[in-house]
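The structure appears right after this line, and notes come after that.
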Amino acid sequence: GQQLNQSPQSMFIQEGEDVSMNCTSSSIFNTWLWYKQDPGEGPVLLIALYKAGELTSNGRLTAQFGITRKDSFLNISASIPSDVGIYFCAGRGGSQGNLIFGKGTKLSVKP
Amino acid sequence: NAGVTQTPKFRVLKTGQSMTLLCAQDMNHEYMYWYRQDPGMGLRLIHYSVGEGTTAKGEVPDGYNVSRLKKQNFLLGLESAAPSQTSVYFCASSYYVGTAYNEQFFGPGTRLTVL
């Protein structure tokens, strides 16, 4: 079956630093989504990507749909303490178009 | 709009007991999903529904049943709970997938412990 590899698994950074994380898949995706999950809450959609090469921003967050359609990247600029959480990538795959989720990147920000 | 709501938020069961988790959405979405989240495993799809009266199996369906009698509600049932079903359960809903748009919106989760 289709698999998503998300890296890194966790990150410990200083406030103000930039953050990069990525996801790679074993097959081509038509949609990439990035979610953030705060402790005790459900995932919240951050950015949605629908075309290869697409670059989309949401405030300090920027995500890109890889040209090969097998990867996606999320960057967070000038991190702040409220960026703490788990970030998930998700790609649309399967005959029914269900999403496949990465295992998440846990971000910790040190003030 | 309340979005996606889930009840209950917490539940503790004994092995062999049964229960039903309720998910409701007020966005008129066609598609609804049930996931479980375990540490280090990400989100895994249990069952999903593409419309009222229809359901289908996801990645990890064993031990669960679902029903979609009304478009806005999606129920997840555990007939005989097992400790392996201790997890956090999330419901999600999305627009019709035919246009390739599949942004899923999640509920706040139900934390289930099976003793």
Given the options A:THR68, A:THR24, name the one that is surrounded by fewer than 19 Cβ atoms within 10 Å (Cβ to Cβ), modelled with pLDDT of 95 or more and β-branched (Val, Ile, Thr).
A:THR24
Looking only at residues that are outside any loop (DSSP other than H, G, I, E, B) and surrounded by fewer than 18 Cβ atoms within 10 Å (Cβ to Cβ) in segment A:74-93, which one is nearest to the other protein chains (Cβ to nearest Cβ)?
A:SER82
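Mind telling me which of the residues A:LEU107, A:LEU99, A:LEU55 ends up being out of contact with any helix residue (DSSP H, G or I) (no Cβ under 9 Å at 6 or more places or on another chain) and within 26 Å of B:VAL4 (Cα to Cα)?
A:LEU99
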Could you tell me whether B:GLY53 is out of contact with any Pro (no Cβ under 9 Å at 6 or more places or on another chain), open to solvent by 20 Å² or more (accessible area, probe 1.4 Å) and either facing another protein chain (nearest Cβ under 10 Å) or within 23 Å of B:LEU115 (Cα to Cα) (or both)?
no
For segment B:35-91, which strands (runs of 3 or more DSSP E) that fit wholly inside it have 3 or more residues that are under 11 Å from the mean Cα position of the chain (by Cα) and over 20 Å from A:GLY104 (Cα atoms)?
B:42-51, B:65-67, B:73-78
Pick from segment A:29-49 the residues that are more than 18 Å from A:ILE86 (Cβ to Cβ) and either open to solvent by 70 Å² or more (accessible area, probe 1.4 Å) or assigned to a loop (DSSP other than H, G, I, E, B) (or both): which of them is farthest from the other protein chains (Cβ to nearest Cβ)?
A:PHE29
Note: among B:LEU45, B:LEU78, just one is surrounded by 19 or more Cβ atoms within 10 Å (Cβ to Cβ) and at pLDDT 95 or above, namely B:LEU78
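Taking the stated definitions as given, is A:ALA52 surrounded by 14 or more Cβ atoms within 10 Å (Cβ to Cβ) and either more than 24 Å from B:TYR33 (Cα to Cα) or of a type in the set (Phe, Trp, Tyr) (or both)?
yes
The values are calculated or read from the model by the stated rules, or taken from the named source; none is laboratory data. Just so we're clear, the structure is a prediction, and the values are computed from it rather than from any experiment. Positions of Cβ are backbone-derived with ideal geometry, glycine not excepted, and every protein chain shown enters the neighbour counts. Quick note on the areas: whole protein, heavy atoms, side chains included, nothing else; ligands and nucleic acids left out. Shrake-Rupley method; radii C 1.70, N 1.55, O 1.52, S 1.80 Å.
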